Amino acid sequence: MSLHMNTTTVDPAEIAKFEAMAAEWWDLNGKFKPLHMLNPCRLDYITNQIAAEFDRNLDAEAPFKGLRILDIGCGGGLLSEPMARLGADVVGADAAAGNIPVAQVHAKQSGLEIDYRHTTAEALAEAGEQFDVVLNMEVVEHVADPLAYLTACQQLLKPGGLMVCSTLNRNPKSFVMAIIGAEHIMRWLPKGTHEWSKFITPDELFDLISKAGLNPVDRKGFVFNPIAWSWSLSDRDLSVNYVIASVKPA
């Protein structure tokens, strides 16, 4: 599949939403509070998948040294910064231009060198960029053409490379939790941040990833406990937030 520079799966309306929220990325109690709460759980999954795939010891100093990681849809850098701290060579890419200066400033304040770019997966693939790992977290439910987007992500991986992709399941529970709960009741996110119709079931995402040329190797649920007020990983509960790890055939 040939993807040219003028081919893009970016949805302008989705980009405009995140542009409006860009300056709040690092406010722990702002509009991205749910992501800050979820981030330790996401990072636990991501780091363990990378360590297993590339035989790295997470207790070592700079365990991801020598790995080139793309954080697509990087936002303010909530995943890019931890990857850089673990020693990886990180490119953070976002289609929302307003996110990039926010991420750049915060990385500089944190003493981290991260290559942030206002670009798309398709443009990076067209340019022939290659990565050991693609982090594709909470992006696929916002794009116009999920298969074309995932195919671009596959093209960005080196043979044997790893993609970690998370999104939201599409069912009545996810509508209640992600739309009514997070946007209307808790006011964690601005109303209209998510479109329930664009959510993707685990079986659908498994199929899309396979069609894009990757081999799914693991999937887990991210489960929120309202009593403990914390997130955890689950082997069985993929009912709302979930993640799939896949590998490009060597």
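The values are calculated or read from the model by the stated rules, or taken from the named source; none is laboratory data. Because the structure is a prediction, the values reported are computed rather than measured. Here the Cβ is made from the backbone with ideal geometry for all residues, glycine too, and neighbour counts use every protein chain on show. When the accessible area is computed, the model is the full protein with side chains, heavy atoms only, and any ligands, DNA or RNA have been set aside. Shrake-Rupley method; radii C 1.70, N 1.55, O 1.52, S 1.80 Å.
Observations
- Taking the criterion of being part of a strand (DSSP E or B), farther than 17 Å from Asn169 by Cβ and not small (Gly, Ala, Ser), the residues of the range 195-250 that qualify are Asn215, Val217, Asn225, Val247.
- Those helices (runs of 4 or more DSSP H) of the range 30-139 in which at least 2 residues are modelled with pLDDT under 95 and either closer than 25 Å to Leu150 by Cα or hydrophobic (A, V, I, L, M, F, W, C) (or both), considering only elements entirely within it, cover 33-54, 99-109.
One line per residue, one yes/no per condition, for (1) open to solvent by 20 Å² or more (accessible area, probe 1.4 Å); (2) of a type in the set (Phe, Trp, Tyr); (3) farther than 25 Å from Asp235 by Cβ:
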site: Gly30; (1), (2), (3): no, no, yes
site: Leu38; (1), (2), (3): no, no, no
site: Gln49; (1), (2), (3): yes, no, no
site: Asp55; (1), (2), (3): yes, no, no
site: Gly66; (1), (2), (3): yes, no, yes
site: Pro82; (1), (2), (3): yes, no, no
site: Gly87; (1), (2), (3): yes, no, yes
site: Asp94; (1), (2), (3): no, no, yes
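- Screening Leu168, Leu147, Leu214, Leu233 for residues that are surrounded by 21 or more Cβ atoms within 10 Å (Cβ to Cβ), within 17 Å of the chain's Cα centre (by Cα) and modelled with pLDDT of 95 or more leaves exactly one candidate, Leu214.
- Where Gln109 falls short, out of the listed (1) of a type outside the set (Val, Ile, Thr); (2) open to solvent by 40 Å² or more (accessible area, probe 1.4 Å); (3) touching a Gly at 6+ places or on another chain (Cβ under 6 Å): (3)
- Count - residues of the range 191-211 that are open to solvent by 40 Å² or more (accessible area, probe 1.4 Å) and modelled with pLDDT under 95: 5
- Pick from the range 220-243, criterion aromatic (Phe, Trp, Tyr) and in contact with a strand residue (DSSP E or B) (Cβ under 7 Å, 6 or more places away or on another chain), ranking: nearest to Lys198 (Cα to Cα): Tyr242
- Complete set of residues in the range 112-130 that are open to solvent by 40 Å² or more (accessible area, probe 1.4 Å) and either in contact with a Lys or Arg (Cβ under 8 Å, 6 or more places away or on another chain) or within 18 Å of Phe32 (Cα to Cα) (or both): Gln130
- A search for C-beta distances below 6 Å between a residue of the range 135-151 that is more than 13 Å from Met163 (Cα to Cα) and any residue that is assigned to a loop (DSSP other than H, G, I, E, B) and aromatic (Phe, Trp, Tyr), counting only pairs 6+ apart in sequence or on different chains, returns Glu141/Phe199.
- Checked against (1) at pLDDT 95 or above; (2) open to solvent by less than 40 Å² (accessible area, probe 1.4 Å), Asn241 passes all but condition (1).
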